[in-house]
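Trainee: Here's a structure for you.
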Amino acid sequence: MTDDGVDPRTLARAAEQRGFHSVFLTEHTHIPASRTTPWPGGDVLPGAYSRLLDPFSALTAMATVTEELVLGTGVCLVNQHHPITLAKQVATVDLLSDGRFEFGVGAGWNREEMVNHDVDPARRTAAMLERIDAVRTIWTRDEPEYHGEFVDFDPIWSWPKPARSPAVLLGGSGRGVLERVLSHGDGWMPTRVRLSEIDAFSTRVAEFRRMCATRGRGHLPVIVFDAVAGREALAMYSEAGVDRVLFSLTADNAATERGCLEELDALASILDR
């Protein structure tokens with residue numbers, strides 16, 4: 001969602017009317033004008049990355065015009081927030097949406113962006129996991145306190161609490177992500193699983209299921225972010241053990257209401273009803 005694109009309320013209403021389960025919004029607080037970190041999605045970083053709306057504000061607007069649509073972050077860059085204010089932001093969206101929020105989280109890829117937030121890129125994963133712990137502590141206790149390496153605060157009073165503790169969906173596809181999901185998450189959100197990679201990915205999902213069973217975690221959902229759209233692709237994801245997929249609106253279509261609605265119609269047409 002950008003400042004020069006489709007209105008978030010329009011998107012939310014249209015998605016709910018077409019029977020979609022959820023809408024997730026991406027986040028970058030800013031894009032450094034001088035950047036050497038390569039974009040994982042290709043050679044040229046799209047201009048929309050520097051124009052993103054604050055996801056929590058946009059999701060609150062979406063909550064006011066929908067009744068059943070699940071609202072999420074895909075992903076919130078946790079290290080770019082103080083955990084006390086982040087806990088309140090998430091709790092507020094969840095409360096105002098009657099418990100419809102899902103908290104997709106990640107450590108990010110843009111090293112220069114991290115440094116501007118005083119985050120050491122080499123320690124970003126450890127910092128993220130500790131902040132997730134701190135946020136959960138604030139959600140679940142009346143007088144929370146936290147004392148860690150990256151987060152430290154004495155007992156506080158902080159309301160609102162969420163309508164229910166939102167599911168934390170860990171983004172990423174790196175080597176250690178499955179362990180992180182089991183220790184700190186309620187689901188796994190890998191990114192851009194291509195159909196040519198589906199066999200290897202299926203093996204990894206099976207490994208994840210075994211790990212969940214061994215740890216007594218039950219069935220944790222696998223949600224593919226930026227999935228390939230198409231009936232054949234959906235069948236392949238399902239066979240690989242994927243529970244849900246998130247489609248990405250193309251930048252050109254997301255820029256206009258007409259384009260957005262036309263693309264939503266096209267995506268809805270491939271889903272079995």
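The values are calculated or read from the model by the stated rules, or taken from the named source; none is laboratory data. Nothing here was measured: the structure is a model prediction, and the numbers come from that model. Here the Cβ positions follow ideal geometry from the backbone for every residue, glycine too, while neighbour counts run over all protein chains shown. Quick note on the areas: whole protein, heavy atoms, side chains included, nothing else; ligands and nucleic acids left out. Shrake-Rupley method; radii C 1.70, N 1.55, O 1.52, S 1.80 Å.
Trainee: Condition check: at pLDDT 95 or above and open to solvent by less than 80 Å² (accessible area, probe 1.4 Å). Does residue 45 satisfy that?
Mentor: On the way: at pLDDT 95 or above: no; open to solvent by less than 80 Å² (accessible area, probe 1.4 Å): yes.
For residue 45, the condition - at pLDDT 95 or above and open to solvent by less than 80 Å² (accessible area, probe 1.4 Å) - is not met.
Trainee: Out of curiosity, is residue 222 at pLDDT 95 or above, among the hydrophobic types (A, V, I, L, M, F, W, C) and in contact with a Gly (Cβ under 7 Å, 6 or more places away or on another chain)?
Mentor: Values: at pLDDT 95 or above: yes; among the hydrophobic types (A, V, I, L, M, F, W, C): yes; in contact with a Gly (Cβ under 7 Å, 6 or more places away or on another chain): yes.
The answer is yes for residue 222.
Trainee: Right, something else. Taking the condition open to solvent by 30 Å² or more (accessible area, probe 1.4 Å) and basic (Lys, Arg), does residue 111 pass?
Mentor: On the way: open to solvent by 30 Å² or more (accessible area, probe 1.4 Å): yes; basic (Lys, Arg): yes.
Yes.
Trainee: Same structure, new question: May I ask you to list the residues in segment 252-264 that are under 18 Å from residue 26 (Cβ atoms) and open to solvent by 70 Å² or more (accessible area, probe 1.4 Å)?
Mentor: 252
Trainee: Something else about it: Would it be correct to say that residue 214 is over 17 Å from residue 169 (Cα atoms) and either out of contact with any Cys (no Cβ under 6 Å at 6 or more places or on another chain) or not aromatic (Phe, Trp, Tyr) (or both)? Before the answer, list the steps.
Mentor: Numbers: over 17 Å from residue 169 (Cα atoms): yes; either out of contact with any Cys (no Cβ under 6 Å at 6 or more places or on another chain) or not aromatic (Phe, Trp, Tyr) (or both): yes.
When the stated conditions are applied, residue 214 passes them.
Trainee: Just to be sure before I move on: is residue 174 without any contact (Cβ under 8 Å) to a residue 40 or more places away in the chain, open to solvent by 30 Å² or more (accessible area, probe 1.4 Å) and closer than 24 Å to residue 127 by Cβ in the structure I sent?
Mentor: yes
Trainee: While we're on this one: Taking residue 93 and the conditions (1) within 24 Å of residue 137 (Cα to Cα); (2) more than 15 Å from the chain's Cα centre (by Cα), which numbered condition does it fall short on, given that it satisfies the others?
Mentor: In the conditions (1) within 24 Å of residue 137 (Cα to Cα); (2) more than 15 Å from the chain's Cα centre (by Cα), residue 93 misses (2) alone.
So that you can scan it fast, the table gives a plain yes or no per residue for (1) under 18 Å from residue 171 (Cα atoms); (2) outside any helix (DSSP H, G or I):
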{"position": "98", "(1), (2)": "no, yes"}
{"position": "115", "(1), (2)": "no, no"}
{"position": "122", "(1), (2)": "yes, no"}
{"position": "129", "(1), (2)": "yes, no"}
{"position": "136", "(1), (2)": "yes, no"}
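Trainee: Filter segment 228-258 for residues that are more than 19 Å from residue 22 (Cβ to Cβ) and either without any contact (Cβ under 8 Å) to a residue 24 or more places away in the chain or outside any loop (DSSP other than H, G, I, E, B) (or both) and give the result.
Mentor: 231, 232, 235, 236, 239, 251, 252, 257, 258
Trainee: On to the next question. Among the residues of segment 4-40, what is the count of those that are open to solvent by less than 30 Å² (accessible area, probe 1.4 Å) and assigned to a loop (DSSP other than H, G, I, E, B)?
Mentor: 6
Trainee: Taking the residues in segment 177-202 that are outside any helix (DSSP H, G or I) and of a type in the set (Gly, Ala, Ser) as candidates, determine which candidate is surrounded by the most Cβ atoms within 10 Å (Cβ to Cβ).
Mentor: First, pick out the residues of segment 177-202 that are outside any helix (DSSP H, G or I): 185-194.
Checking which are of a type in the set (Gly, Ala, Ser) leaves us with 185, 187.
Numbers: 185: 24, 187: 19.
Checked segment 177-202; the qualifying residue surrounded by the most Cβ atoms within 10 Å (Cβ to Cβ) is 185.
Trainee: Which of the residues that make up segment 205-227 are part of a loop (DSSP other than H, G, I, E, B) and open to solvent by 20 Å² or more (accessible area, probe 1.4 Å)? Break it down into steps so the answer makes sense when it comes.
Mentor: Initially, segment 205-227 is screened for residues part of a loop (DSSP other than H, G, I, E, B), giving 216-221, 226-227.
Within segment 205-227, 216, 217, 218, 219, 221, 226 qualify.
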